[in-house]
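Colleague: Right, I'll just put the structure down here and ask away after.
Read-outs: derived from the displayed coordinates by stated rules, not from any lab. Everything numeric here is computed off the predicted structure, so don't read it as measured data. Counting neighbours? That spans all protein chains shown, and the Cβs are built from the backbone with ideal geometry, glycine included.
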Amino acid sequence: MKRYKGYFIDLDGTLFRGDEVIPGAPEFVAWLNKIQIPYLYLTNNSTRSPEWVAAKLQRMGYPARTDQVFTTALATACYLQEKEAPMSVYVVGEEGLFQAISDAGIAITDQNPDAVVVGLDRSFTYEKMKKACLAIRAGAKLIGTNADLALPTEEGLWPGSGSLSVAIAAAAGTEPFFIGKPEPVMMHYALKKIGLTPDEVLVVGDNLQTDILAGIRGGMDTLLVYTGVTTPQMAKSSDIKSTHAVYNLSSWIK
């Protein structure tokens, strides 16, 4: 079997469910460390900083450094940095998104921004939507951190980041440009961060529609693990096919 030089690892449904560690996953990450294979933790969550995510992983027993965490907020900041400078953006989101964009040296304003960036915002208001729409109709580009319409929680499905982007897009008469999984944009910047080419990296995740599709669109091999969203029956009937599939990440250890 092909030996990969790097791994992109999803979090929720792959390494943990809520605050519960998924059996076999810690052994998988420990194995990567043992054989000295670099990896990044990839998440569509734009609300948290890499420091926060790394701390959560550490509490669960996973070895995690801040520089091993790559969020949609960071990917969005990378994308914005490649645009013509200086750039200003209006942000609809939470701390993780504001921090990533600010740390990238990009001005945040609600006065004539060049782009409107939308992530999950649990304090979303009509006023924020109005400002976003006015900016877009004045020429700003609409950028969404990810297209997830729903956010799984213990309470049930909450509105996801994508639902806010879609609502703003409908009101402003435009289409959002998405950064996170399943779009290849995030994968492009993750590859630059880890310093490898697509054929050298394996994307690991539990969701065919996001993790696996992102890997495919990014030109990478994929490993589907049946510990989260996607069941074997769902995988069999889907047009999206992973390169590999396992019931537990511990079975991937060679």
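Colleague: Which value, in debye to the nearest 20, describes the size of the charge dipole of the chain about its Cα centre when Lys and Arg Cβ atoms bear +1, Asp and Glu Cβ atoms bear -1, and nothing else is charged? Intermediate values should be presented prior to the final figure.
Modeller: On the way: 23 positive and 27 negative charges, 97 e Å.
In total the dipole reaches around 460 debye.
Colleague: For K130, go through the lysines and keep the ones whose alpha-carbon is under 19 Å away, minus same-chain ones fewer than eight residues off.
Modeller: By straight Cα distance, K130 reaches K141.
Colleague: Continuing with the same structure: How much of the DSSP beta bridge set in the chain is antiparallel, as a percent to the nearest 5?
Modeller: 15
Colleague: Using a/c under 1.5 as the rounded threshold, could you call the range 85-178 rounded, prolate or oblate? The axes a ≥ b ≥ c are square roots of the C-alpha gyration tensor eigenvalues, and prolate needs a/b larger than b/c, oblate otherwise.
Modeller: On the way: a/c = 2.02, a/b = 1.37, b/c = 1.47.
Oblate, because a/c is 1.5 or more while a/b does not exceed b/c.
Colleague: Of T109, T14, F28, which is farthest along the charge dipole of the chain in the positive direction, counting Lys and Arg as +1 and Asp and Glu as -1 at C-beta?
Modeller: About the Cα centre, the residue reaching furthest to the positive side is F28.
Colleague: What label, among (i) 0.94; (ii) 0.97; (iii) 1.04, belongs to Rg/Rh (Cα atoms, Kirkwood Rh) computed from the structure on display?
Modeller: Given (i) 0.94; (ii) 0.97; (iii) 1.04, the structure-derived one carries the label (ii).
Colleague: Looking only at G215, G119, G13, which one moves most when the chain is put into a Gaussian network model with springs between Cα atoms under 10 Å?
Modeller: G13
Colleague: Pull out a ≥ b ≥ c, the square roots of the eigenvalues of the alpha-carbon gyration tensor of the range 141-239, then state rounded if a/c is under 1.5, prolate if not and a/b is larger than b/c, and oblate in the remaining case.
Modeller: Oblate is the answer for the range 141-239, as a/c is 1.5 or above yet b/c matches or exceeds a/b.
Colleague: Okay, next question. Checking the table K56/K128; K34/K193; K34/K192 against a 27 Å threshold on Cα-Cα, which pairs fail?
Modeller: K56/K128
Colleague: Shifting gears a bit: Quick one: net charge of I37's neighbours, Cβ under 10 Å, K/R +1, D/E -1? Write down the numbers at each step before the final one.
Modeller: Numbers: positive: R3, K5, K34; negative: none.
So the environment of I37 carries a net charge of +3.
Colleague: While we're on this one: On a full-extension model of 0.36 nm per residue, what is the gain between K193 and A170, subtracting their alpha-carbon distance, rounded to one decimal in nm?
Modeller: Values: separation 23, 0.36 × 23 = 8.28 nm, distance 3.40 nm.
Length gained, K193 through A170: 4.9 nm.
Colleague: Continuing with this model, one more query. Excluding A235 itself, what net charge comes from residues whose Cβ is under 13 Å from its Cβ, given Lys and Arg +1 and Asp and Glu -1?
Modeller: Overall, the nearby charge balance is -1.
Colleague: Compute the relative contact order of the chain as a whole-number percentage, counting only Cα pairs closer than 8 Å that sit 6 or more residues apart in sequence. Don't jump to the answer; show the numbers that get you there.
Modeller: Details: 512 pairs, mean separation 49.3, N = 254.
For the chain, the relative contact order is 19 percent.
Colleague: Related question: Would you work out which of A138, A170, F98 lies farthest towards the positive end of the dipole of the range 85-178? Charges go on Cβ: Lys and Arg +1, Asp and Glu -1.
Modeller: Positive-end residue among those listed: A138.
Colleague: Would you give the gap between the C-alpha center of the range 1-44 and the C-alpha center of the range 121-137, rounded to a whole Å?
Modeller: The range 1-44 and the range 121-137 have Cα centres separated by 37 Å.
Colleague: Please identify the longest segment of the chain free of exposed GluC sites (Glu not before Pro), where exposed means a DSSP state other than H, G, I, E or B and no more than 13 other Cβ atoms within 10 Å.
Modeller: Result, exposed sites excluded: 156-254.
Colleague: Right, another one. Hey, which lysines would be in cross-link range of K236, C-alpha to C-alpha under 22 Å, not counting anything within fewer than 8 residues on its own chain?
Modeller: Within reach: K181.
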